[in-house]
Amino acid sequence: MDRERVDEQIWRPKMTVKTDPELLKLLRTGEGTEEGDKAREFFLALATCNTIVPILSETEDTTVRLIDYQGESPDEQALLYAAAAYGFMLIERTSGHIVVDVFGQKQRFDILGLHEFDSDRKRMSVIVGFPDKTVKVFVKGADSSMFGVADKMLNVDIVQSTKSHLHTFSTLGLRTLVIGMREMSNIEFEEWHSSYEKANTALFGRGSLLKAVAMNIENNISILGASGIEDKLQQGVPEAIESLRKAGIKVWLLTGDKQETAISIGFSSNLLTGEMTQIIINSHSKESCKKSLADALAITKLVAGKSPAAENSIAGADAVKSPLALIIDGTSLVYILETELEEELFEVATSCSVVLCCRVAPLQKAGIVVLIKSRTDDMTLAIGDGANDVSMIQKANVGIGISGREGRQAVMASDFAIGQFRFLVPLLLVHGHWNYQRMAYMILYNFYRNSIMVFVLFWYVLYTAFSLTTAISEWSSVLYSVIYTALPTIVVGILDKDLNRKTLLKYPQLYGSGQREERYNLKLFILTMMDSVWQSLAIFFIPYLAYRYSTVDGSSIGDLWTLAVVIMVNLHLGMDIFRWNWIVHAAIWGCIVATVICLIIIDALPILPGFWAIFHVMGTWVFWFCLFAILIAGMIPRFATKALTEFFIPNDIQIARELEKFGNINESLVSEVATRTLSIHQQQNRT
């Protein structure tokens, strides 16, 4: 029964669940039998042991209202809808009681206390007062936690049967919970109530006190049953993980699910493959962990052939001849993290293509992130959607929260928020690539555009024997970084794109240009500085040689130097721009025009030095000849180097740009070249 008639209206759950006729029959007719009573208590536990709030919503039919179960946990929502489908429908919740419709009969239960789920206990419990004045404790949680507090006198067959069902659920990729219950005597309730009130009103250590009270009451539990909930992968998750792999990004899975569930999720998401050799570590002591890690390390060295790259970077895993997958549980991590075994775990993990950590607590997730950050220069990115992922997200270099049904705690703690996991691919491979390309170039360019002006002033200081005279006016020196060259830097830094979105998504290997630091490195910095020195020499000495026997004053040559520098740096920027549009044209040519106007205005003011200087010098052919010669002499080395490099030794980005320009010509060849180029460099830095 999944509906109730209230005041001539029919109330029914918003979501329907397929039911088992035999179980439904047992619940209806089995009251008074041991099996029937246990089954009813099981579904009553689902209906009471939660924090879900039922919300009534209208429908087109005024005689029908839907009950929408709302809460932070989608698992609890699913269990409530299942309980309603079997006749135990939660229809009302207040701060002190709940109302459950049991096969058409309203029953009120007093909520005497609630111990919320925490990562240490891995369970939650509720103390329920029944209409017949009895008090019961309903508990649900992870199997590893529940079996530890189960009644030792419990039927062994029930425990084994439950464990067998849990294993079956886990291998199917279902998220499992164990549900239990026990009755409380009046004395036990009074003792608990007294302790609970003291802990709940404590000013200091309230959380730890409540946890102690909960652990004291959650014992000798009678196992009622287990549940399995399908946690469907979001759309595009397998494809996203495959793209990240092709991009050279290692993906590790850190989950609180059972090992079998985690492995099933790994296969369904393409994180694990059938060709991988699985290294499984499930240990319950430090000595056992040490032995397991030693055996795992031996396997990795045997398969990898003792690759030296694995010692320095997480990227070393790709050197292995056969892919390895490390699967380790939270119990083992207890004996490994923050001990001398961390180094061995790091060596094993970085030698594997995939690492899957199951049954891990939130702090252990953070510990794994710290393990990598503290031992490599690689960037770490943590992505999660729940409160148990907050610690991991905060510890990583980049934290990403998925906004979904698990609440917004992860989003609030993250650097970036996305709606689904698959959006991580365009965030990294498209926007991440564009951002790296822009930032890397802008850093070099800003060093260049400032150094070229400084070097021109430096040559002038040498020529004047370090006198206090200056050829370039103070106003031009100030406006150089404010008006003359600022706007093109901003526009290009925001709008320029070396490749379009479609190409970057089609060839994830192109993300490797950032991992290999192709756009910003020491070599490029030195070449850029050499280029700025050469161009500054051309800017200074060509006018010097042309005017050294003339009567032109220093202010006139200073205007020529200023204009030459501005045109030079803007042409330099224009030579490297990938996407031209009207905004870029307006910024570059507009700044050159603005420079000329500013120079005219400055020299037209009689109160400033160099009055009318530019009008004298611009009227001669020597001025224009020097300006043209400066641009030719200054740009030839850079133009020649750029042309020869892109023609004879193109990188992945240049090849992909040719593919965009010429369409599908030699597309397969381009893909092969890009992949081969990546394989040559993949032993270098990775994210």
Listed by chain and number, the lysines with an alpha carbon less than 20 angstrom from that of LYS642, same-chain partners under 8 positions apart left out, are LYS497, LYS523, LYS661
Let me know the charge dipole size of the chain about its Cα centre in debye, to the nearest 20, where only the beta-carbon of Lys, Arg (+1) and Asp, Glu (-1) is charged. 1460
Per-residue HN-Hα couplings for region 614-622, Karplus 6.51 cos²θ - 1.76 cosθ + 1.60 at θ = phi - 60°, whole Hz, x for Gly and Pro? 5, 5, 5, 6, 6, x, 10, 6, 5
Starting from the Cα-Cα distance between LEU468 and MET530, subtract it from 0.36 nm times their residue separation and give me the gain in nm to one decimal. 19.6 nm
Proximal lysines to LYS301, defined as alpha-carbon separation beneath 29 angstrom and excluding residues fewer than eight positions away on the same chain: LYS246, LYS250, LYS258, LYS286, LYS290, LYS291, LYS321, LYS365, LYS373
Which value in nm describes the separation of the simple spin-label points at GLU183 and THR19, placed 7 Å from the Cα toward the beta carbon? 2.7
Expressed per residue, the solvent accessible area of region 482-572 in Å² (1.4 Å probe) is about 43
Can you give the extra length, in nm with one decimal, that the chain gains between VAL454 and MET215 once fully stretched, where that is 0.36 nm per residue apart less the Cα-Cα distance? 79.0 nm
Cα→Cβ-extended label distance, 7 Å offset, between LEU363 and SER403, nm: 3.2
Residues whose built amide H sits under 5 Å from the amide H of LEU224, excluding neighbours closer than 5 in sequence, are ILE179, GLY180, MET181
Whole-Å semi-axes of the chain's equivalent ellipsoid (Cα gyration tensor): 69, 30, 23
If I model a spin label at LYS133 and GLN105 as a point 7 Å from the Cα along the Cα→Cβ vector, what separation in nanometres do I get? 2.0
Among the lysines, select those whose C-alpha is under 30 Å from the C-alpha of LYS106, and discard any that sit fewer than 8 residues away in the same chain. LYS14, LYS18, LYS25, LYS38, LYS133, LYS136, LYS140
Per residue, how large is the accessible surface of region 2-230? Use a 1.4 angstrom probe and give square angstrom. 51
For the pair THR277 and GLU35, what calculated FRET efficiency results from E = 1/(1 + (r/R0)^6), where r is the Cβ-Cβ distance and R0 = 41 Å, to the nearest 0.05? 0.35
Identify, among THR168, SER227, LEU112, the residue whose Cα sits farthest towards the positive end of the charge dipole of region 2-230, taking +1 on the Cβ of Lys and Arg and -1 on the Cβ of Asp and Glu, with the dipole about the Cα centre. THR168
So what's the convex hull volume per residue for the Cα atoms of region 427-684, in Å³? 138
Chymotrypsin sites (Phe, Trp or Tyr not before Pro) lying in DSSP loop within region 151-234, provided at most 13 other Cβ fall within 10 Å: PHE204
P(r) for region 540-580, please, calculated from all Cα pair distances in 10 Å bins and given in %. 26, 39, 21, 12, 2
Considering amide H positions built from the backbone, and no H for Pro or chain starts, which residues 5 or more places from GLY113, or on another chain, come under 5 Å of its amide H? ILE127
When the helices in the chain are scored as -39500 (n - 2.57) per DSSP H run of 4 or longer and the sum is shared across all residues, what 222 nm value do you end up with, to the nearest 500 deg cm²/dmol? -16000 deg cm²/dmol
Counting sequence-distant residues (5 or more places) and residues on other chains, those with an amide H built under 5 Å from that of ALA150 are ILE221
Cα-based Debye curve of region 2-230 sampled at q = 0.08, 0.11, 0.12, 0.15 Å⁻¹ gives log₁₀ I(q)/I(0) of -0.30, -0.57, -0.68, -1.06
How much FRET efficiency would the formula 1/(1 + (r/R0)^6) give for GLU116 and HIS585, where r is the Cβ-Cβ distance and R0 is 45 Å, rounded to 0.05? 0.15
Roughly how many percent of the accessible protein surface of the chain is carbon and sulfur, given a 1.4 Å probe and a whole-percent answer? 59
For region 2-230, what is the percent of antiparallel DSSP beta bridges, rounded to the nearest 5? 90
Using the crude model of +1 on Lys and Arg Cβ and -1 on Asp and Glu Cβ, and no other charge, please compute the dipole size for region 454-534 relative to its Cα centre, in debye to 20. 500
Whole-Hz couplings from phi, Karplus 6.51/-1.76/1.60, listed for region 61-69; x for Gly and Pro: 8, 5, 8, 10, 10, 9, 9, 9, 8
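The values are calculated or read from the model by the stated rules, or taken from the named source; none is laboratory data. Quick caveat, the model's predicted, so the values are computed rather than measured. Backbone-built Cβ (ideal geometry, glycine too); neighbour counts: all protein chains shown. In case anyone asks, the SASA skips ligands and DNA or RNA and just uses the protein heavy atoms, side chains included. Shrake-Rupley method; radii C 1.70, N 1.55, O 1.52, S 1.80 Å.
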